[in-house]
Structure formats: structure tokens, C-alpha cells
């Protein structure tokens, strides 16, 4: 009799337990799955955590359809984000992108989300075309300066397509007169050989008052461009401006050669003094100083300088020739 009562009680308890489980709301199950995902994430089990978060999303959507509970996009976004972070932890970028595209359905105009999608597609999945198309699609809907700028960057950096890069940087600049974009436009024109357009862009960029380090770079680029255009005076002007802001021995030597070749011996001597002050005994400076002394007729002083160069691999042979010439007079 007692054994029958115990058996019946066990059966009743089992039935009750099954009923409780069966009656557990789907919303509650979804929340519990999300908690399980968080625990797995904290334990470093990222793949399992991602699966739990996705299961939580699926179960919650089922609860909305079957139980008629209100939809909660904020909750879904949180769980999707957690799944995304889980996949990032194990560098599973293919699944990370799938999650991001699900998030995109919830917030299609979320710039930070679109940017992350483009970065992963381009940088980690080696699919720059998809990344760029994602940005173009966003720009078409939102007329975004940031998207245009990023498209310009991606065409240049990942596709080596300067022409399309320039098109998108110009679109960005038309929308917002940004100094960094203008610098990119100038650089691209320079790389494409559009020297006059590059010069205009650089000169416009200078008017935006960039910081000193950037200004030095711009001055050097302008000087080089004017060199390409055979405009020596303007080239010297910008090399001098660059050197005034940030002295560079290589530029100083270049200026010495330019001044000497155009016959401006006084200016050449000034830069020789600058180079010797920076690098006492510099043989490039001594060589040009010797040439100037020779050209001015001070051959004894020129000989003294040339004698310092006879063992120099670069100038030794020429120096000996000048010494022989002076001694033969």
C-alpha cells in the first residue's frame, strides 16, 4: 500500500514538473538564454556564448509571434551586439558580419554600425567592393559627409583607385569644406600628375591654417610640384618656408645646390653656413663653399677647402682636379 502511494506521488510530481516547464513563457526562456550567454562569455566560451545569444533572439521573436508580447528592438539589439562581440573575440568575422546585417535591419541608419560592417568586409574579409558598396548605399540614403570621406579613403587605400578616390573626396569637400579632405584631394592630384590642380588644392589648404607639422609637408609637396613645373623660384620659396618651420639638412643642401646653379652665390653661402652650423665639417657644404671661393677668384682659400675633400669618395676626384688646376697657374 505504501509503495503504491510513493509511486503515485512520484508520477504526480513528474507530471507537474513537465507542466511547469511546458508552461514557462517563451519570453522568460529567451531571457534565461541571454543570461546563459553572458555567463559563457565571462567564462571565455565565446562561440557557445554567441550561439546562446542568437537562440535568445530567435526565442524572443517566437514569443512575439506566438504569445503576442510587444516587440522590444532594444533588447534584440543588445543580444545581437553581445553575439557580435562574442564572434569578434574569436575572430570569426564571417559570422560577425551576419550578425551586423541582422542589427542593420533594426537600425538601418546607424552610421557606427555601417562603418563597422564596411571595416570588417574590407579589412578582415578582404572584400573592399562590398565594404565600399555598403558605404555608398548608406550615403545614398543619408547624404553623409563621413561616408563619402571613407569611400574616398577605401578606393585609394584598398583598391589603389586614385581616380574614384578623387571623385568621392571631391563630393565630400563639396558637402563640407574640411581641411583634411582638401589635403587628400591635393595629394591625389599630385599622384595623378595633375600638378596645377594639386597646387591650387594645396594653396587652398594652407588658407585653412593647418598645424605646423602638416604645413611643413604641404610646403615640401608644393616645392616638389613647382620643381616638376620647372618653376625654380617658386620651388625655392616653398623649400625655404618648410625649412624655416622645421630645419632639415637635406633641404638645406638642396637649397645650396639650387642657389649655386642659378648663380645666387650669396644665398648659397648663407645656407652653407646653416648646414655647417648644424653639421660641422659637412663635406657637401665644404665642397660648395670651395666652388664659390673658386668662382669668386679666391683660389688659395678654395684650394684649402678642396684639400679637405681629396679622400672623399664623392668629391675627391673633382677636388684633386681643382687643386691641380690652381697649382698649374
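Return a yes/no flag: does segment 138-161 have any residue that is surrounded by 22 or more Cβ atoms within 10 Å (Cβ to Cβ), touching a helix residue (DSSP H, G or I) at 6+ places or on another chain (Cβ under 7 Å) and under 23 Å from residue 80 (Cα atoms).
Taking every residue of segment 138-161 in turn, at least one turns out to be surrounded by 22 or more Cβ atoms within 10 Å (Cβ to Cβ), touching a helix residue (DSSP H, G or I) at 6+ places or on another chain (Cβ under 7 Å) and under 23 Å from residue 80 (Cα atoms).
Where residues in segment 27-57 are farther than 30 Å from residue 91 by Cβ and modelled with pLDDT of 95 or more, which of them is surrounded by the fewest Cβ atoms within 10 Å (Cβ to Cβ)?
Of all residues in segment 27-57, those farther than 30 Å from residue 91 by Cβ come to 27-29.
Those still in the list that are modelled with pLDDT of 95 or more too: 28-29.
Values: 28: 11, 29: 17.
Of everything passing the filter in segment 27-57, 28 is surrounded by the fewest Cβ atoms within 10 Å (Cβ to Cβ).
I want to confirm something. Restricting to segment 242-254 and keeping residues that are in a helix (DSSP H, G or I) and in contact (Cβ under 8 Å) with a residue 24 or more places away in the chain, which single residue is surrounded by the fewest Cβ atoms within 10 Å (Cβ to Cβ)?
In the first step, residues of segment 242-254 are kept if they are in a helix (DSSP H, G or I); the result is 242-245, 249-254.
Subset that is in contact (Cβ under 8 Å) with a residue 24 or more places away in the chain: 242, 245, 249, 251-253.
On the way: 242: 21, 245: 13, 249: 15, 251: 19, 252: 25, 253: 19.
The qualifying residue surrounded by the fewest Cβ atoms within 10 Å (Cβ to Cβ) is 245.
Does residue 39 fit the bill of being outside any helix (DSSP H, G or I) and more than 30 Å from residue 149 (Cα to Cα)? So that I can check it myself, show each step before the final result.
On the way: outside any helix (DSSP H, G or I): no; more than 30 Å from residue 149 (Cα to Cα): yes.
So residue 39 does not fit the description; no.
In this structure, is residue 206 within 30 Å of residue 328 (Cβ to Cβ) and either without any contact (Cβ under 8 Å) to a residue 40 or more places away in the chain or in contact with a helix residue (DSSP H, G or I) (Cβ under 8 Å, 6 or more places away or on another chain) (or both)? Give the derivation first.
On the way: within 30 Å of residue 328 (Cβ to Cβ): no; either without any contact (Cβ under 8 Å) to a residue 40 or more places away in the chain or in contact with a helix residue (DSSP H, G or I) (Cβ under 8 Å, 6 or more places away or on another chain) (or both): yes.
The answer is no for residue 206.
Specify the residue that is modelled with the lowest pLDDT; the eligible residues are those in segment 58-107 that are under 18 Å from residue 119 (Cβ atoms) and not in a helix (DSSP H, G or I).
By that ranking, first place goes to 107.
Within segment 287-329, can you find the residues that are in contact with a helix residue (DSSP H, G or I) (Cβ under 6 Å, 6 or more places away or on another chain) and outside any helix (DSSP H, G or I)?
First pass over segment 287-329, keeping only residues in contact with a helix residue (DSSP H, G or I) (Cβ under 6 Å, 6 or more places away or on another chain): 288-290, 292-294, 299, 301-303, 305-306, 308-310, 312, 315, 319, 322-323, 326.
308, 309, 310, 312, 315 - these are the residues of segment 287-329 that are in contact with a helix residue (DSSP H, G or I) (Cβ under 6 Å, 6 or more places away or on another chain) and outside any helix (DSSP H, G or I).
The values are calculated or read from the model by the stated rules, or taken from the named source; none is laboratory data. Source: prediction; values computed, not measured. Backbone-built Cβ (ideal geometry, glycine too); neighbour counts: all protein chains shown.
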